[in-house]
Amino acid sequence: MNDPDTSADTDRNHIWHPYSAMQSDAPVFTVASAHGVRLKLSDGRELIDGMSSWWSVIHGYNHPLMNAALEEQIHKVSHLMFGGLTHSPAIELARQLLAITPSNLSSIFYSDSGSVAVEVALKMALQYWHARGHPQRRKFISLRCGYHGDTFGAMSVSDPETGIHSLFGDALAQNFFVAQPRCRFGEACSDDDIAPLAQALEKHAGQTAAVIMEPVVQGAGGVWFYSAGYLQQARALCDRHDVLLILDEIATGFGRTGKLFACEHATIAPDIMCIGKALTGGYLTLAATLTSQAVSDAIDQGEPGVFMHGPTFMANPLACTAALTSIRLLLESPWQKNIQRIEQGLNNGLAPCRDSGQVQEVRVLGAIGVVEMKQAVDMNSITRAFVEAGVWVRPFGKLVYLMPAFIISDDDLAELTRAVVTVIKGLAQKPL
Ligand SMILES: *Cc1c(COP(=O)(O)O)cnc(C)c1O
């Protein structure tokens, strides 16, 4: 056994965490094991997990059927190059994905993370227009407050106000941004709401390869829920201007918003769709980019006649097995009922936060609950307060948000939301 103090020092002094400094007093907790919605820390404390490890662990940790499927696959083959070789997990997963995603999507590119799935989507759009004889269509239009990942192409279509854009400046491709839709989910989308996108397409369609957005829920850029009507109008505008529509379903996919995919709220289909995060139930890293035959045919027929991408760990058999098993578990479960139940639990449980003078608003959609504060919270102290309250919740900026596993019990959900209410009310006693 490692001395726990030394382990903590090694982590602090030598390992980066997401968006972290090497020398920092930010708390980092060591997890020894995890079951269902419970994280067991190395000091023996147990936390109810409110984050599903960033949207992904939808069936809970250490699921017996997921474990068994992966063990079985380990004894067949764990990894294979995908150049010139294929395997049944990749094929079965493709069948499954094509059966549950919008029916126009017919071709799948497997990759290893959400950001790469976005890079692949952008490349598909560029190759499509190149093949169709419009190589000048090299720009993308995206929404402010969007988030599409941390790699260079993904950064170039993510919100331009956040640090990554200002910092990397000229190193990023210059794309067009339109205002975040302010029409809320459940409301209509007015002409004023869609005007910025309509104008951008009017002006720039001739240079634009695709419009890219997160459907209905903008995730890391603010956990904001916008009108499905906006998506419908965006689809119609893309059709009118002959521009491709890329939907980034990496956070929203696999039931989180109450539909299997968020584009179903608007009954529209994208030309290109990115999925990741919950794809493997949070077991392994896998993402995919799906597109229509019109796009894949054009890419085939253009120069150089192939799609120009090929990661080493493409379609990893273990990851495909995890994804296939996770999707089967989801489809065999009463997931719509679970999401409705969680939506109600979040609505009821978080409602008392509205009494706090420091809370701007509480909003809930599907299994996503958000308490937006008036001011940014101190992440280190609030994280510690949550751990002391027995829950794992990791706010960012002004947002304290929950996205529990779909299998969370009503009691655990109530305990989770009670802790959020207690910690937020506790903030009122102390200055932030
Ligand atoms: C998380 C996320 C990504 C990036 O995925 P990674 O696996 O972190 O690279 C892209 N788009 C959306 C909408 C996301 O939520």
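Output the residues belonging to region 155-168 that are without any contact (Cβ under 8 Å) to a residue 40 or more places away in the chain and within 12 Å of the ligand (Cβ to nearest atom). So that I can check it myself, show each step before the final result.
From region 155-168, those without any contact (Cβ under 8 Å) to a residue 40 or more places away in the chain are 155-156, 160-161, 163-168; that's our starting set.
Scanning region 155-168 gives a single hit, Met155.
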Test Ser142 against the criterion of being in a loop (DSSP other than H, G, I, E, B), buried (at least 23 other Cβ atoms within 10 Å of the Cβ) and either among the aliphatic types (A, V, I, L, M) or in contact with a Phe, Trp or Tyr (Cβ under 8 Å, 6 or more places away or on another chain) (or both), and give yes or no. no
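What do you reckon, is Gly390 surrounded by fewer than 22 Cβ atoms within 10 Å (Cβ to Cβ), among the small types (Gly, Ala, Ser) and in the same structural domain as Ala94 (by TED's automatic domain parsing)? Reasoning before the result, please.
Working: surrounded by fewer than 22 Cβ atoms within 10 Å (Cβ to Cβ): yes; among the small types (Gly, Ala, Ser): yes; in the same structural domain as Ala94 (by TED's automatic domain parsing): no.
No, not satisfied.
Yes/no matrix, rows are residues, columns are (1) without any contact (Cβ under 8 Å) to a residue 60 or more places away in the chain; (2) among the basic types (Lys, Arg); (3) crowded, with 24+ Cβ neighbours inside 10 Å:
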residue	(1), (2), (3)
Thr208	no, no, yes
Gly222	no, no, no
Leu237	yes, no, no
Leu247	yes, no, yes
Ile250	no, no, yes
Met273	no, no, yes
Going through region 264-294 one residue at a time, which ones are away from the ligand (no atom under 13 Å from the Cβ) and in contact with an Asp or Glu (Cβ under 6 Å, 6 or more places away or on another chain)? Ser292
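Yes or no, residue by residue, for (1) surrounded by fewer than 20 Cβ atoms within 10 Å (Cβ to Cβ); (2) assigned by TED's automatic domain parsing to the domain that holds Cys274; (3) β-branched (Val, Ile, Thr); (4) in contact with a helix residue (DSSP H, G or I) (Cβ under 9 Å, 6 or more places away or on another chain):
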residue: Ser292; (1), (2), (3), (4): no, yes, no, no
residue: Val295; (1), (2), (3), (4): no, yes, yes, yes
residue: Gly302; (1), (2), (3), (4): yes, yes, no, yes
residue: Asn316; (1), (2), (3), (4): no, yes, no, yes
residue: Cys320; (1), (2), (3), (4): no, yes, no, yes
residue: Ala323; (1), (2), (3), (4): no, yes, no, yes
residue: Ile327; (1), (2), (3), (4): no, yes, yes, yes
residue: Ile339; (1), (2), (3), (4): no, no, yes, no
residue: Gln344; (1), (2), (3), (4): yes, no, no, no
Report the residue count in region 4-62 for those that are part of a loop (DSSP other than H, G, I, E, B), in contact (Cβ under 8 Å) with a residue 24 or more places away in the chain, among the polar types (S, T, N, Q) and more than 13 Å from Trp392 (Cα to Cα). 3
Count - residues of region 342-365 that are touching an Asp or Glu at 6+ places or on another chain (Cβ under 7 Å) and within 13 Å of Ile408 (Cβ to Cβ): 1
Suppose we filter Ala323, Ala278, Ala294 for residues that are in a helix (DSSP H, G or I), out of contact with any Ser or Thr (no Cβ under 9 Å at 6 or more places or on another chain), of a type in the set (Gly, Ala, Ser) and modelled with pLDDT of 95 or more; which single one remains? Ala294
Would you mind finding the one in His130, His204 that is more than 16 Å from the ligand (Cβ to nearest atom), closer than 28 Å to Ala287 by Cα and outside any loop (DSSP other than H, G, I, E, B)? His130
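Does region 228-263 hold any residues that are more than 14 Å from the ligand (Cβ to nearest atom), over 18 Å from Glu343 (Cβ atoms) and not in a helix (DSSP H, G or I), and which are they? First the steps, then the outcome.
Step one: filter region 228-263 for residues more than 14 Å from the ligand (Cβ to nearest atom), giving 228-245, 255, 258-260.
Subset that is over 18 Å from Glu343 (Cβ atoms): 229-245.
Scanning region 228-263 gives Asp242, Val243, Leu244, Leu245.
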Please go through region 336-361 and give me each residue that is among the hydrophobic types (A, V, I, L, M, F, W, C) and under 14 Å from Thr417 (Cα atoms), ordered by number. Ile342, Leu346, Leu350, Ala351, Cys353
Find all pairs meeting these conditions: Cβ atoms under 8 angstrom apart; at least six residues apart or on different chains; first residue within region 396-410 and over 10 Å from Ala367 (Cα atoms); second residue among the small types (Gly, Ala, Ser) and in a strand (DSSP E or B). Tyr401/Gly369; Ile407/Gly36
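If you check Pro431 against the conditions, is it at pLDDT below 95 and not hydroxyl-bearing (Ser, Thr, Tyr)? I'd like the intermediate steps shown before the answer.
Details: at pLDDT below 95: yes; not hydroxyl-bearing (Ser, Thr, Tyr): yes.
Yes, satisfied.
Yes/no per residue for (1) closer than 26 Å to Asp112 by Cα; (2) surrounded by fewer than 13 Cβ atoms within 10 Å (Cβ to Cβ):
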| site | (1), (2) |
| --- | --- |
| Asp25 | no, yes |
| Leu41 | no, no |
| Leu47 | no, no |
| Met51 | yes, no |
| Pro64 | yes, yes |
| Leu80 | yes, no |
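Yes/no per residue for (1) in contact (Cβ under 8 Å) with a residue 24 or more places away in the chain; (2) among the hydrophobic types (A, V, I, L, M, F, W, C):
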site	(1), (2)
Ala294	no, yes
Asn316	yes, no
Cys320	yes, yes
Glu332	no, no
Lys337	no, no
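The values are calculated or read from the model by the stated rules, or taken from the named source; none is laboratory data. What you are looking at is a predicted structure, and each value in this text was computed from that prediction instead of being measured. Ideal geometry is used to build each Cβ from the backbone, glycine not excepted, and the neighbour counts take in all protein chains shown.
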